[in-house]
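Following: one structure in structure tokens, then a few remarks.
The values are calculated or read from the model by the stated rules, or taken from the named source; none is laboratory data. Remember, it's a predicted structure, so these values are computed and weren't measured experimentally. Here the Cβ is made from the backbone with ideal geometry for all residues, glycine too, and neighbour counts use every protein chain on show. SASA here: full protein model, heavy atoms, side chains in, ligands and nucleic acids out. Shrake-Rupley method; radii C 1.70, N 1.55, O 1.52, S 1.80 Å.
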Amino acid sequence: MPPDLQERWRRFAVGAPDIEPLLVADGDLLESVRAFVRQIPRRHRDFITVVVPEVLRDERLSAYLVRRRALVRLKGGLLREPNVVVADVPVLAGESVSVGEGGRALIPQRTVALVFVASMNDASVRAVNYAQTLEVNEIRAIHFDLDPDQTLGIEDQWAEKGMQIPLDIVEAPFRDLTEPMLDEVRRFTERPDTLAIVVIPELVLRSGGTCCCTTRARCS
């Protein structure tokens, strides 16, 4: 760790915990972070959120995957850790970031959690439960309508489960999720004081054929 990094961090993040250096054994970032996460004390149903800040360039996905191979492996590998949420916080290179007194980043005045729900399963329930712990101003559960029959079934199951937040149905023309997802995020982030947290539940297949529920979050 650079000798002046701790002091620069303290000036920037006033009141935040100090930086703890992590020894990367044998150059394996994933295994080093995984070992660190596993030794954190927690109760059975506690979540640990691993926040991954990164600066992105305006480049093709293939170039990003090659250039940031270790980071991509880290985020993918942590999805197999039980009750671990991977929160990706990207900033586009050259993008202006609002700063306040002393050059510190401004805290958003409004935070919104968007839970993207593909089906009604344990992963979706856990994702909603996780979003409710974030103390955001608003939580929205969103299902993108690719199949009207499936959507009707999800609405019925959502009501039967007694979920505490409503389920919004958004049309996805041509069975393409990219633009509808981006449109939903931009609907909130068009306000400059708003930070959107996208929560994506996933079922990850373990060796042996069993499934584990994981959650991934992304701040926009």
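Given the Cα-Cα distance of Asp183 and Leu79 and 0.36 nm per residue of separation, how much length would full extension add, in nm?
Details: separation 104, 0.36 × 104 = 37.44 nm, distance 2.59 nm.
Result: 34.8 nm gained on full extension.
Each stretch of four or more DSSP H residues adds -39500 (n - 2.57); spread over every residue of the chain, this sum gives -9500 deg cm²/dmol at 222 nm. Compute the acute angle (0 to 90°) between the alpha-carbon long axis of helix 122-132 and the principal axis of greatest extent of the alpha-carbon atoms of the chain; round to the nearest 10°. Computed tilt is about 60 degrees. Efficiency by 1/(1 + (r/R0)^6): what FRET value for Val72 and Trp9, r their Cβ-Cβ distance, R0 = 25 Å, to the nearest 0.05? Once rounded, the FRET efficiency stands at 0.50. Within the set [x] 43; [y] 49; [z] 53, the number that percent of Cα pairs over 24 Å apart takes when calculated for this structure is listed as [z]. Extension gain for the segment Glu135 to Glu20, taken as residue separation times 0.36 nm less the Cα-Cα distance, is 38.8 nm to one decimal. Taking all protein chains into account, the per residue accessible area for the chain stands at 64 Å² (1.4 Å probe).
Between Asp28 and Asp168, the contour length at 0.36 nm per residue exceeds the alpha carbon distance by 46.3 nm. Taking only protein heavy atoms and a 1.4 Å probe, the accessible area of region 119-180 is 45% carbon and sulfur.
Along the chain, the exposed loop sites are GluC sites (Glu not before Pro) outside DSSP states H, G, I, E and B with at most 15 other Cβ atoms within 10 Å, and the longest stretch free of them is 1-58.
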